[in-house]
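Take a look at the structure set out below.
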Amino acid sequence: MEDMADGRTRRQLMQRAPGELESINEELKKSILRRLPQPGEWRSGVAGLSLVRREDANRLHTFYTPFIGVTIQGVKHTVLGREEYHYGACHCFVTGVDMPSESYVSAASPEEPFLALSIDLNRTVIADLIAGMPPAPSPGDEKIGAAVEKISPKVLLAFLRFVTLLDEPDEIPIVAPILVREIHHRLLLGPQGGWLRSVCSLGTKSNHIARIISWLRDNFRAPLHVNELADMAHMSPSAFFRHFKQVTTLSPLQYQKTLRLYEARRLMLTQGLDATGAAYDVGYESTTQFIREYKRQFGEPPLRHITRLRAETTADGGAQ
């Protein structure tokens, strides 16, 4: 019976009027609930597509990589660097650079769980789309690496077609890249378009900073030399420092420190390292300093934090 219902849904997608935002959102809600009968996160592996269901207000610390997220039900609060965002159903949250985040879900319960989905942001696709579009006025480069807007019906409909595509695995290799390109294209035409152009267009200051951030992700153990990073970004040291902080809300040193702390947390959580081993592995020379900064970042010392995270992971069915 489910296959027949899914077949009707797929046929209806092509007939739906593009202005029915709430109706499209309701279809996505049903689809996520069917695939996630219990709390957790399901990563499909298709273009980074993930579905999320939460039933309580767990506070999460994670390091966002560029993605496009859509909230289907519930309310979420996210802190990126020193900026805070509050958003709910039918809002699109996009990050264009790797950013440390702290988030928590509110208005979630077993009866009305928080539901969301996301795909990876593909800067290569955006750059290719920009190359074929008319030039647009520069939005300026003084933008943080994230943006939140009410989603348009056309973008939400594309996400619904994407989720529905999971029921047709033979079509995924051909259709999924088309839908990824459509979602990126429609975002470029909407309120977040100018911001995305700034982050993904070669030659802009935001794009230079995005490239430096990618370099830092791969080289966070190395000593930090701001002058060398400024040269890589083709900026003076003062201009580099200013634009880096405009995009991330953090100084380069604060950003590197945060990278190290998140990696240390991952090593302790997934590889069983103790605080001393994780501290030295990520570049700290002092365990005492590491523990002090870890507590400041995550709110509790490493051993207590990791113990709690493991207990929550087990209770939440393995989702992080």
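The values are calculated or read from the model by the stated rules, or taken from the named source; none is laboratory data. Here the structure is a predicted model, which is why all the values come from computation and not from measurement. FYI the Cβ positions are ideal-geometry reconstructions off the backbone, even for glycines, and counts take in every protein chain you see. Note: areas computed on protein heavy atoms with side chains; ligands, DNA, RNA excluded. Shrake-Rupley method; radii C 1.70, N 1.55, O 1.52, S 1.80 Å.
Structure above, values below:
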{"quantity": "Residue list for segment 284-320, filter: among the polar types (S, T, N, Q), at pLDDT 85 or above and either surrounded by fewer than 16 Cβ atoms within 10 Å (Cβ to Cβ) or in contact with a Lys or Arg (Cβ under 7 Å, 6 or more places away or on another chain) (or both)", "calculated": "Ser286, Thr288, Gln289, Thr307"}
{"quantity": "Helices (runs of 4 or more DSSP H) within segment 236-320 that include 3 or more residues among the aromatic types (Phe, Trp, Tyr)", "calculated": "237-248, 287-298"}
{"quantity": "Any hit, segment 146-159, residues being in a strand (DSSP E or B), out of contact with any Pro (no Cβ under 7 Å at 6 or more places or on another chain) and open to solvent by less than 30 Å² (accessible area, probe 1.4 Å)", "calculated": "yes"}
{"quantity": "Count of residues meeting criterion [open to solvent by 40 Å² or more (accessible area, probe 1.4 Å), more than 23 Å from His184 (Cβ to Cβ), part of a loop (DSSP other than H, G, I, E, B) and not aliphatic (A, V, I, L, M)] in segment 29-84", "calculated": "6"}
{"quantity": "Candidates Leu13, Leu60, Leu21, Leu51, filtered to the one that is at pLDDT 95 or above and of a type in the set (A, V, I, L, M)", "calculated": "Leu51"}
{"quantity": "Subset of segment 195-214 that is over 18 Å from the mean Cα position of the chain (by Cα) and more than 16 Å from Gln246 (Cα to Cα) - its residue that is modelled with the lowest pLDDT", "calculated": "Leu202"}
{"quantity": "Residue satisfying condition, being in a helix (DSSP H, G or I), open to solvent by less than 10 Å² (accessible area, probe 1.4 Å), in contact with a helix residue (DSSP H, G or I) (Cβ under 7 Å, 6 or more places away or on another chain) and among the β-branched types (Val, Ile, Thr), within set Val163, Val175", "calculated": "Val163"}
{"quantity": "Residue within segment 183-191 that is more than 30 Å from Phe298 (Cβ to Cβ), of a type in the set (A, V, I, L, M), more than 19 Å from the chain's Cα centre (by Cα) and in a loop (DSSP other than H, G, I, E, B) present", "calculated": "no"}
{"quantity": "Thr288 among the polar types (S, T, N, Q), in contact with a helix residue (DSSP H, G or I) (Cβ under 8 Å, 6 or more places away or on another chain), farther than 30 Å from Gln38 by Cα and free of Cβ contacts under 8 Å to residues at least 24 places away in the same chain", "calculated": "no"}
{"quantity": "Tabulated pairs, segment 104-126, first farther than 20 Å from Glu27 by Cβ and assigned to a strand (DSSP E or B), second among the aromatic types (Phe, Trp, Tyr) and open to solvent by less than 20 Å² (accessible area, probe 1.4 Å), C-beta under 8 angstrom, 6+ apart or interchain", "calculated": "Val105/Phe114"}
{"quantity": "Matching residues in segment 147-190 - criterion: being among the basic types (Lys, Arg) and within 19 Å of Leu28 (Cα to Cα)", "calculated": "Lys150, Lys154, Arg161, Arg186"}
{"quantity": "Residue in segment 134-145 that is assigned to a helix (DSSP H, G or I), among the hydroxyl-bearing types (Ser, Thr, Tyr) and open to solvent by 10 Å² or more (accessible area, probe 1.4 Å) present", "calculated": "no"}
